[in-house]
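Down below is the structure, laid out as structure tokens.
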Amino acid sequence: MYYDDLTSYEYYLPFKLPDVLNVGWLATDHAFAKADAPAGLLDRLQQILRAEGNFSARVNPIRGIHPCHHCGARQFQHPHIGSCEIWIPSQKAENYFAAPSLIIHYIEEHNYIPPQNFIDAVFQVDTTVHFDGQTVYDNLVQARMPAA
Ligand SMILES: [Zn+2]
């Protein structure tokens, strides 16, 4: 599924979540921004993706692995890549960034460069502060569901 960077999240939903911004939903038929990643970005993203317990950025896990449509890779060096989304709270506003966990592979192998405000959030997020991305997702979706 392709989404432009910084558009409102709507993956598999019948509505958009305006407080959640898409990052890194690349597709082979859309050009994407390329540049060398700032030092430490990949390590920091891997640390965020792996974090357990008080801080969890993993959202909507799937049983299998999404392959990379750019190179066909289906096995990845790091756990969780290709098998969930990664949600990161913005440090500047009351919103969130939502990326496929393949974003780590896209940066590492395909030279994709995410928007600067996402990079800032990755470096600024405090993984000692409680964050449960899945609960954030569930609550945002619930709030927009039409009353039964
Ligand atoms: Zn690839």
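Tabulated values for the structure
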| read-out | value |
| --- | --- |
| Residues that are in contact with a Leu (Cβ under 6 Å, 6 or more places away or on another chain) and surrounded by fewer than 22 Cβ atoms within 10 Å (Cβ to Cβ), drawn from region 9-27 | LEU17 |
| Every pair of residues 6+ apart whose Cβ atoms lie under 6 Å, when the first sits in region 58-84 and is under 24 Å from ASP132 (Cα atoms) and polar (S, T, N, Q) while the second is within 15 Å of the ligand (Cβ to nearest atom) and in a loop (DSSP other than H, G, I, E, B) | SER83/ILE65 |
| Residue check for ARG58: over 30 Å from MET145 (Cβ atoms), basic (Lys, Arg) and either at pLDDT 95 or above or away from the ligand (no atom under 16 Å from the Cβ) (or both) | no |
| Which numbered condition LEU13 misses (of (1) in contact with a helix residue (DSSP H, G or I) (Cβ under 7 Å, 6 or more places away or on another chain); (2) within 16 Å of the ligand (Cβ to nearest atom); (3) in a loop (DSSP other than H, G, I, E, B)) | (2) |
| Residues (in contact (Cβ under 8 Å) with a residue 60 or more places away in the chain and either surrounded by fewer than 14 Cβ atoms within 10 Å (Cβ to Cβ) or not hydroxyl-bearing (Ser, Thr, Tyr) (or both)) located in region 137-148 | LEU140, VAL141, ARG144 |
| Number of positions in region 42-76 that are surrounded by 12 or more Cβ atoms within 10 Å (Cβ to Cβ), over 13 Å from the mean Cα position of the chain (by Cα) and small (Gly, Ala, Ser) | 2 |
| Single residue of GLY64, GLY24, GLY40, GLY82 found to be under 25 Å from GLN142 (Cα atoms) and not charged (D, E, K, R) | GLY24 |
| Qualifying residues in region 89-136 (those that are loosely packed, with under 13 Cβ neighbours inside 10 Å and of a type in the set (D, E, K, R)) - the one farthest from GLY53 (Cα to Cα) | LYS92 |
| Condition check for VAL129: assigned to a helix (DSSP H, G or I), at negative phi and more than 16 Å from the ligand (Cβ to nearest atom) | no |
| Total residues in region 88-115, condition under 25 Å from ALA31 (Cβ atoms) and either part of a strand (DSSP E or B) or within 16 Å of the ligand (Cβ to nearest atom) (or both) | 19 |
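The values are calculated or read from the model by the stated rules, or taken from the named source; none is laboratory data. Keep in mind that what you see is a predicted model, and the values were worked out from it rather than measured. Counting neighbours? That spans all protein chains shown, and the Cβs are built from the backbone with ideal geometry, glycine included.
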